[in-house]
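Student: Mind looking over this structure? Questions follow.
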Amino acid sequence: MENSQMCVQLFSLNAEKHVDKLGTGYVSCSYVERLDGMSLLIRDESHDSLLLVSKIQRDIDYRKRKTLIAWSDRTNVNFLLSFRYKIGCDDIYEQICKVKSGCHLPPCELGKLDEINYVISNSLSSVILKEKVTAVIENGNYIEKLVNLFCINEHLENSNVLNKFYRIIKNVVALNNLALLRAMFSDRTILDVVGCLEYDTCSVGSKNHREYLRKVSKFREVIPISNPDLLSKIHQTYRVQYIHDVILPIFSMDKTKKCAMSAFIFFNKVEVVNMVKKDEFLTPLFVQLKDKSTEVNKRRDLLLFLQELCNLSYVLNRPARDYFFTVLLVDHGILTALEITLELDLDDTTKSACFDILSQFVEFNPVFARKFILERNNQVLINSVIRHLSMDGAVQILKLLIEPKNMIPEEMTGFLNFFYANSVHVLIAPLLAYTIDDCYEVVELLSVVLKVLDFCVVSHNFRITQFIVKEDLLRSVLLLLKSKHKFLVLEALRLMRRIIGYRMMIIIGT
């Protein structure tokens with residue numbers, strides 16, 4: 001039964017200024033998909049046919065007086081609504097004003113989903129409208145109401161409307177507002193938000209993002225975390241990063257519309273690192289890493305966790321990151337832990353994590369790393385790096401350690417003496433052992449060795465000159481010119497040119 005308060009008479013004023021009565025019916029303000037916007041609908045009171053469908057336009061002046069609303073459409077036809085009751089006139093006029101202002105959000109109901117999406121998407125082109133719509137969503141607890149409605153319809157398998165939730169959530173993300181993201185990514189709502197994003201009808205294939213986040217990517221506590229806030233923040237950060245990196249790129253969303261999410265992830269990472277500084281679980285973590293009897297899989301998990309923690313520290317400003325590495329990692333003996341680990345028989349995943357952590361630390365403080373090696377008079381750490389030069393990051397670690405430019409004067413002589421006395425022989429061992437029939441992996445390693453030697457020629461001219469003469473190293477380099485692998489031949493030629501360029505008159509002996 002129609003609301004009698006919305007009973008109206010509809011009139012039009014034609015070009016000849018004649019007033020025509022178009023009929024009597026009931027008016028409503030609803031979203032019309034065909035017009036892609038909120039519209040006034042007047043239905044005939046007798047047979048329910050539409051007398052008029054008129055999209056509400058922002059640039060059209062809607063005039064109200066007592067129980068009358070008048071306007072002109074884009075074809076210059078003038079319309080007049082005469083209401084039976086003033087309360088109905090006031091209600092419709094208020095809805096028109098809200099639509100024109102761009103911040104009218106209807107109640108979060110199933111029949112209003114198209115209207116909700118229209119209002120949000122329509123606001124994206126205007127900063128002012130975005131702010132207004134954002135305020136309405138935030139203050140009205142809209143996100144929680146929306147995902148609750150989604151859960152009900154998904155449970156009822158109401159497939160016809162599930163795509164509408166996807167479109168709404170996607171547009172809410174595009175509003176680019178941190179407060180809304182906090183509401184969307186709370187523990188109560190984040191998985192339901194991910195559920196909404198699974199119902200993109202334009203995307204092919206099944207999407208089981210919730211299943212992945214619930215089970216496949218289940219967080220393992222390698223060390224018990226006593227702080228529930230820290231644990232929750234770690235879970236949230238991972239899930240939001242997954243949404244940012246895996247789910248949203250499928251939608252080809254403009255990066256500018258995801259900058260608030262990037263900021264959200266950034267601030268979360270800062271919070272995680274700051275919470276870690278106040279938690280005590282790092283002590284047992286390093287105790288287990290320094291224990292040679294720690295089970296292999298456990299050691300791998302500990303290193304992967306520490307690697308992720310180091311990666312998170314990149315979001316900190318320089319003083320905070322200095323504190324993180326100096327107080328937390330240096331005081332806990334990170335280099336000792338890595339040294340012990342590198343002496344063990346490791347799988348590739350563990351090695352990769354180990355070298356990534358070591359690379360970050362040496363890049364942060366190469367002076368401390370060199371001091372650690374010299375004070376212990378122990379070549380285990382640097383020689384382990386040399387033996388794994390084929391690993392990502394190993395060459396960079398070695399270069400940082402032996403680069404004179406980043407050494408303080410009082411350490412330069414001592415460390416280079418140590419390197420040429422204890423480690424350079426490990427570096428050239430693959431070169432001296434080379435045979436023309438070696439496998440491709442060995443050839444790749446030799447290419448890396450030649451690059452490091454080239455770096456030494458540039459950086460340690462006098463010392464490397466003495467070493468090349470003493471070890472008759474040039475003869476081994478010349479042998480590489482017979483290799484069938486062109487890239488190895490080119491590296492050998494490059495090193496030869498470098499040596500000649502520095503006028504090292506050692507070729508006489510060959």
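Student: For the ranges 32-39, 90-97, what's the packing order if you count other beta-carbon atoms within 10 Å of each residue, average per peptide, and put the highest first? Before the final figure, lay out the partial values.
Tutor: Numbers: 32-39: 14.9, 90-97: 17.1.
Highest mean packing first, the order is 90-97, 32-39.
Student: Once the Cα atoms of helix 486-501 and of the chain are each reduced to a long axis, what angle between those two axes, in degrees from 0 to 90 to the nearest 10, is obtained?
Tutor: Roughly 60 degrees, rounded to the nearest 10.
Student: Using the alpha-carbon centroid of each, what span in Å lies between region 45-109 and region 341-405?
Tutor: Taking the Cα centre of region 341-405 as reference, the centre of region 45-109 is 73 Å away.
Student: OK, next. Using alpha-carbon positions, what is the distance between the centroids of region 1-34 and region 437-459, in Å?
Tutor: Spelled out, the Cα-based centre of one part sits 85 Å from the other.
Student: Round to the nearest 10 and give me the degree value, 0 to 90, for the angle of helix 461-471's Cα axis relative to the longest principal axis of the chain.
Tutor: 60 degrees
Student: Taking Rh as the Kirkwood radius, which is the inverse of the mean 1/r over Cα pairs, what is the Rg/Rh value for the chain?
Tutor: On the way: Rg = 35.2 Å, Rh = 29.0 Å.
Rg/Rh: 1.21.
Student: Of the peptides 334-341, 268-275, how do they stack up when ordered by the mean number of other Cβ atoms within 10 Å, highest first? Walk me through the numbers before you get to the answer.
Tutor: On the way: 334-341: 21.0, 268-275: 18.0.
So the order, starting with the most tightly packed, is 334-341, 268-275.
Student: Once every Cα of region 112-267 carries one equal point scatterer and solvent is ignored, give the base-10 log of I(q)/I(0) from the Debye formula at q = 0.14, 0.17, 0.20 Å⁻¹, two decimals.
Tutor: With no solvent term, the Cα-only Debye profile gives -0.71, -1.04, -1.43.
Student: Turning to a different aspect of this structure: Hey, what's the Kirkwood Rh for region 3-101 if you take every pair of different alpha carbons, in angstrom?
Tutor: Working: mean 1/r = 0.0738 Å⁻¹.
Result for region 3-101, one decimal place: 13.5 Å.
Student: Quickly rank 160-169, 17-26, 345-354 as a protection proxy: mean count of other C-beta atoms within 10 Å, highest first.
Tutor: Working: 160-169: 19.1, 17-26: 13.6, 345-354: 16.4.
Packing proxy ranking, top to bottom: 160-169, 345-354, 17-26.
Student: Can you give the charge dipole size of the chain about its Cα centre, rounded to the nearest 20 debye, using +1 on the beta carbon of Lys and Arg and -1 on the beta carbon of Asp and Glu? Each step should come with its number before you reach the end.
Tutor: Details: 63 positive and 60 negative charges, 242 e Å.
So the magnitude is around 1160 debye.
Student: Another one. Across bins of 5 angstrom width beginning at 0, how are the C-alpha pair distances of region 407-509 distributed, in whole percent?
Tutor: Computed distribution, short to long bins: 2, 12, 24, 24, 18, 12, 5, 2, 1, 0.
The numbers here are math on the coordinates, done by the rules we state, and not lab data. Model, not experiment: these values are computed from the prediction. Virtual Cβ from ideal backbone geometry, glycine too; neighbours counted across all protein chains shown.
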